[in-house]
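Computed from the coordinates by the stated procedures, all read-outs in this text should not be read as laboratory data. Values in this document were obtained by computation on a predicted structure and should not be read as measured data. No Cβ is skipped: glycine too gets one built from the backbone with ideal geometry, and neighbour counts run over all protein chains shown.
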């Protein structure tokens, strides 16, 4: 995927209209040619460096005057010292090069959502490329020449992008701020009612079926039963965009009064329809039998996706139903599990039991601490025997998915458990009498 495609799909995921994206991209092209490492031409001679050298020296720290040198740089040709200082800090926090495309796009959205809210609102509602382009030119870029000639020229650049990319059916996208995120597939996302609330919540559910994200999105497109989602995570770690983030998905539930304020229904972490206006909703492919587990690849992709959603929407920390910070203030909960359209959790338990672990990992990536660990499971008397029917159950060195894999698949049959322990990735772990290692008891039936 080329640079302009990556920029288009990134901005699409931020909720900008096609005209808004095109108007912004036309201005970015006029400023930098869409080159994130573009150093203002007139400063190449002054500083004795071209694009690549300047970028490398800023990254390495050998050039220390990036903030104050007044040289335009990057997609937007950021020039003023405070904006360059903020971008440098943003890049360092993300661990990215100052010339990294996704980093600059993330910083661009941070600027628009904080200091240029009027411009962002225009880009999210614009129906004409010209109006979007003029808003960026006059209120965001603010070049010395703001003549009608320049307005027409920049809108013309934007129109070319609109004609090329607007209303395309599908594409593989990698437009997220987190560059380690698995490739996301846009599965011709359906339009559903726009949100009536800012995104401040993530709601997760697992559905029965070891399928890819593409197949999951085909199932969870908006339908007569009212079931849909924003994203699907496949068993293989693939991620699909089913309904754009700017649009609401699902529909069940309602509101309740908390301290005189209407808040979403969240019983034991389960969401309702009002929550859907606030939440980005995610479906994760699970096993076909109890406890409806998800694969390690799916869990890794889910955590990366959640962290990226948080970063793009200003969610500083995820709080789940068991978090001590919610005592007396349940309205602060912002990590929930889905409620099925038939008004029951189906099958929500596997994800619900791991909300604390998911929150902890996401919060660690956000740098905002961790949520409390999952409560310890009751320990029963040992030894005892279990029957294992799964063909792909792994044996691990210790009680947790954070320990080494000793054997990729244990043979189905009857085994003796001699010790139990809690650990990451399962409700309870059991140690095999053979000494081979530990297995998740979620996949074992006691006999």
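Some observations on this one:
- Sites residue 214 and residue 89, calculated FRET efficiency, Cβ-Cβ separation with R0 35 Å, nearest 0.05: 0.40
- Along each principal axis, taking the top coordinate minus the bottom one, the Cα set of segment 3-165 gives 46, 32, 27 Å in descending order.
- Straightening the chain between residue 79 and residue 316 buys 82.5 nm, computed as 0.36 nm per residue apart minus the Cα-Cα spacing.
- Isotropically averaged projected area of segment 126-167, using the convex hull of Cα atoms (one quarter of hull area), nm²: 2.9 nm²
- Kirkwood Rh and Cα Rg combined as Rg over Rh, evaluated for segment 1-77: 1.06
- Note on segment 384-446: Kirkwood radius taken over Cα pairs, Stokes-Einstein applied at 4 °C and 1.567 mPa s, translational D equal to 116 µm² s⁻¹.
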